[in-house]
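Just below is one structure, and these are the notes that go with it.
The values are calculated or read from the model by the stated rules, or taken from the named source; none is laboratory data. Given the structure is predicted, the values throughout are model-derived calculations rather than measurements. We place every Cβ from the backbone using ideal geometry, glycine too, and count neighbours over all the protein chains shown. Quick note on the areas: whole protein, heavy atoms, side chains included, nothing else; ligands and nucleic acids left out. Shrake-Rupley method; radii C 1.70, N 1.55, O 1.52, S 1.80 Å.
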Amino acid sequence: MIRLPVAAGLGGLTLFLATSVMAQAVPSPTPGAKPQDTEQWTPVPPVVSPGATSEAPPSDAIVLFDGKNLEQWVNTRDKTPAGWRVANGVLTVEKKAGNIETKRSFRNYQLHLEWRIPKDVTGTGQGRGNSGVFLASTGPADAGYELQILDSYQNETYVNGQAGSLYKQAAPLVNASRKPGEWQSYDVIWIAPTFASDGKVTSPARVSVLHNGVLIQNNTTLTGETLYIGKPYYRSYVSAPIKLQAHGDPSPPLSFRNIWVRELAAVATP
Ligand code: MG
């Protein structure tokens, strides 16, 4: 139904009636069907308050980093307190500490995070502002499913390894990168793979990603974990931490801020 402002007056009313008649004129293939037959009233979707500003997380988010501390994170290699640096509301990679990951494990979720390549970034190709977010950390080091973070602003590399790629599996639809020194965002919808009791995959992982608000992965299907060398394959898991990569490239370390996740309880599989 189209709502019209009262100020539209008689002219608006005329338009409203015309629209209403047109909608009813579409024939139903079911004889005797009523409009109410196709109305669903329950279950009522829970109320979630969006953030008061575009930077603030919604009311049902689990905040993973709000600029204050790393209490939600540990070092991947030994699960000790995360050794990256927090200053001025920003988290910066400490390469010596290695990758960090969340204490909590997640299954299906929506993730928001912001990252910044340093303005004084150096290097080329994969050696220029390399990091990554592993959407499920299935083991030590770089095990899991990596959504690549890289300086891909006028920096050529293999396309399934540029920023926004699912590493070595899917290039982004477009390159929405901002310049070094500017904050960028990822908004991710991660649908975990499912496995039979014998460990065989029954539905593959699927992921959608917005980079700086631009759709770059549209329900992309993964063929397994993202590997540096070799053909991807699946390893069974139920839930896993989210991991951030401390890449060994020699360029200055990048930073993160405003990281939150919303768990998705039930997701239909195709
Ligand atoms: Mg990486």
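Annotations for the structure displayed:
- Of all residues in the range 152-166, those satisfying the criterion of being surrounded by fewer than 24 Cβ atoms within 10 Å (Cβ to Cβ) and farther than 13 Å from residue 228 by Cα are 153, 154, 155, 156, 157, 159, 162.
- Pairs, first touching a residue at least 24 places away in the same chain (Cβ under 8 Å) in the range 60-77, second β-branched (Val, Ile, Thr) and assigned to a loop (DSSP other than H, G, I, E, B), C-beta under 8 Å, six or more apart: 60/48; 64/242; 74/80
Okay, residues lined up against (1) in a loop (DSSP other than H, G, I, E, B); (2) crowded, with 21+ Cβ neighbours inside 10 Å:
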{"position": "137", "(1), (2)": "yes, yes"}
{"position": "168", "(1), (2)": "yes, no"}
{"position": "178", "(1), (2)": "yes, no"}
{"position": "186", "(1), (2)": "no, yes"}
{"position": "190", "(1), (2)": "no, yes"}
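- Residue within the range 158-173 that is modelled with pLDDT of 95 or more and more than 16 Å from the ligand (Cβ to nearest atom) present: yes
- Of all residues in the range 2-60, those that are outside any loop (DSSP other than H, G, I, E, B) and modelled with pLDDT of 90 or more total 4.
Okay, residues lined up against (1) within 30 Å of residue 233 (Cα to Cα); (2) more than 16 Å from the ligand (Cβ to nearest atom); (3) open to solvent by 60 Å² or more (accessible area, probe 1.4 Å):
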residue	(1), (2), (3)
66	no, yes, yes
78	yes, yes, yes
89	no, yes, no
101	yes, no, no
122	no, yes, yes
131	yes, no, no
134	yes, no, no
148	yes, no, no
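- Answer residue from the range 152-166, given it is assigned to a loop (DSSP other than H, G, I, E, B) and of a type outside the set (Gly, Ala, Ser) and is farthest from residue 237 (Cα to Cα) among those: 154
- Residue that is nearest to residue 219 (Cα to Cα), among those in the range 103-120 that are touching an Asp or Glu at 6+ places or on another chain (Cβ under 9 Å) and open to solvent by 40 Å² or more (accessible area, probe 1.4 Å): 110
- Some residue of the range 112-130 being among the aliphatic types (A, V, I, L, M), at pLDDT 95 or above and within 22 Å of residue 225 (Cα to Cα): yes
- In the range 212-270, residue surrounded by the most Cβ atoms within 10 Å (Cβ to Cβ) [restricted to those that are of a type in the set (A, V, I, L, M) and modelled with pLDDT under 95]: 267
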